[in-house]
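This report concerns only the one structure given below.
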Amino acid sequence: MRSRTPLPLWILAGFGAVFVSLPLVALLMRAPWDDIAGSLSGAGASEALRLSVVVSLTATALSLLLGVPLAWILARSRIPGRSVLRAIVVLPIVLPPVVGGIGLLFALGRGGVVGQWLYSMLGLQLTFTTWGAILATTFVSMPLVVLATEAGLRSIDRRYEQAASALGASPRYSIRRVVLPMLGPQLAAGAVLAWARALGEFGATITFAGNLAGRTQTLPLAVYETRLTDPGGAIFLSLILVVLSIAVLVAMRDRITRAR
């Protein structure tokens, strides 16, 4: 028999649902729907949307490329200082994004610790470029991939890998045909959360990459700039971000809820 949910929990849950829904309702109510075409054209929505998609998808790919091996090391290795490494890796989640942007600026900027070498030796400048925006969003989104993947690796029964090894499978084969299929829901959840985080990133991007239309101005930056001159356009740009995020989260809801 299913237990009944206590009334206080229903009441608190209702307040929570209203609290998180209220900003979206306010945007829908205040949007100038009679001038949607003019607001969107003046806000440069198409270019900002294109750049946001490119930056967020590339950042998600980089987060997977770098985050999954990091999660493997954290979950399966016994290296000294593993807890310190984990704290550093997930630090961007709690670090104010603007602080992360300043750190990136002093590390990879034209006069930064590594950036000055990249510029003098290779002529490579990352600040105020699309790749700068990608690196900034990767910095803040990769920890979500690491956490989801590490949790998945720790939940996998190692006996499956041992059985594959006993049957003659190589470590690479076991990873490819045993571990990764079982890790699929966690990888999908981490990728979706990283993408959503990258899509909404603002502080690190504007600090490290700037706010240049067509080059680094993603949708969140376009919202920030547009709200000063065209509040209606800013509302519609915000709604685009909301619709994109909800669509992906709803489409991936089964994989996210199974990632445990």
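The values are calculated or read from the model by the stated rules, or taken from the named source; none is laboratory data. Given the structure is predicted, the values throughout are model-derived calculations rather than measurements. Positions of Cβ are backbone-derived with ideal geometry, glycine not excepted, and every protein chain shown enters the neighbour counts.
Only residues that are in a helix (DSSP H, G or I) and without any contact (Cβ under 8 Å) to a residue 40 or more places away in the chain: list them for segment 181-219, please. Pro181, Met182, Leu183, listed by residue number.
Residue check: is Ser141 surrounded by 13 or more Cβ atoms within 10 Å (Cβ to Cβ), part of a helix (DSSP H, G or I), modelled with pLDDT under 90 and in contact with a helix residue (DSSP H, G or I) (Cβ under 6 Å, 6 or more places away or on another chain)?
Considered against the rule, which asks whether it is surrounded by 13 or more Cβ atoms within 10 Å (Cβ to Cβ), part of a helix (DSSP H, G or I), modelled with pLDDT under 90 and in contact with a helix residue (DSSP H, G or I) (Cβ under 6 Å, 6 or more places away or on another chain), Ser141 comes out as no.
Here is a check on your reading of the model: is Gly38 surrounded by fewer than 21 Cβ atoms within 10 Å (Cβ to Cβ), among the small types (Gly, Ala, Ser), at pLDDT below 90 and at positive phi? So Gly38 does not fit the description; no. The C-beta contact set for segment 225-254 (first residue farther than 15 Å from Asp35 by Cα and modelled with pLDDT of 85 or more, second residue surrounded by 14 or more Cβ atoms within 10 Å (Cβ to Cβ) and of a type in the set (Val, Ile, Thr), distance under 7 angstrom, 6+ apart or interchain) comprises Ser238/Val223.
Among the residues of segment 192-213, the ones that are surrounded by fewer than 24 Cβ atoms within 10 Å (Cβ to Cβ), over 17 Å from Leu104 (Cβ atoms) and within 21 Å of the chain's Cα centre (by Cα) come to 5 in all.
Hey, any hits in segment 65-76 for a residue that's in contact (Cβ under 8 Å) with a residue 60 or more places away in the chain, within 26 Å of Leu219 (Cβ to Cβ), among the β-branched types (Val, Ile, Thr) and surrounded by 15 or more Cβ atoms within 10 Å (Cβ to Cβ)?
Scanning segment 65-76 turns up no residue that is in contact (Cβ under 8 Å) with a residue 60 or more places away in the chain, within 26 Å of Leu219 (Cβ to Cβ), among the β-branched types (Val, Ile, Thr) and surrounded by 15 or more Cβ atoms within 10 Å (Cβ to Cβ).
The residue list Leu118, Leu85 contains one member that is surrounded by 15 or more Cβ atoms within 10 Å (Cβ to Cβ), over 28 Å from Ala213 (Cα atoms), without any contact (Cβ under 8 Å) to a residue 24 or more places away in the chain and touching a helix residue (DSSP H, G or I) at 6+ places or on another chain (Cβ under 8 Å), which is Leu85.
Looking at (1) in contact with a helix residue (DSSP H, G or I) (Cβ under 7 Å, 6 or more places away or on another chain); (2) within 28 Å of Thr138 (Cα to Cα); (3) modelled with pLDDT under 90, which one does Thr60 not meet, given that it meets all the others? The single condition Thr60 does not satisfy is (3). Reported count of residues in segment 93-114, each being crowded, with 21+ Cβ neighbours inside 10 Å and more than 30 Å from Leu187 (Cβ to Cβ), is 2.
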